Amino acid sequence: MARGFPDGVVVQGSEGDWAGRPMTFAEWPYRYLIGEEMAGGGCAAHYPGPLRLEYPASEPGRPAREMYGRERGM
């Protein structure tokens, strides 16, 4: 439980510290990707473009697939 929120998210930082966030998991990566500090000092990310997903090759000799999400308007 993160601060009274039964479905909260707890994130462990690279130095062993941790942070509890009273939100759903789906909200956590969204807020991380728009640049909020969600896992400790200096770890915020901001990716303004559409999300790029890369799927590994389904078999040897085949190329990986790339797909892009919709424009996020940031």
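Just so you know, all these numbers are worked out from the coordinates, no wet-lab data involved. All values derive from a computational prediction rather than experimental measurement. With ideal geometry, Cβ positions are generated from the backbone for all residues, glycine too; neighbour counts draw on all protein chains shown.
In this structure, Glu36 and Glu15 have a Cβ-Cβ separation that, at R0 = 25 Å, corresponds to a calculated FRET efficiency of about 0.80.
Multiplying the residue separation of Glu54 and Tyr68 by 0.36 nm and subtracting their alpha-carbon distance yields 4.2 nm.
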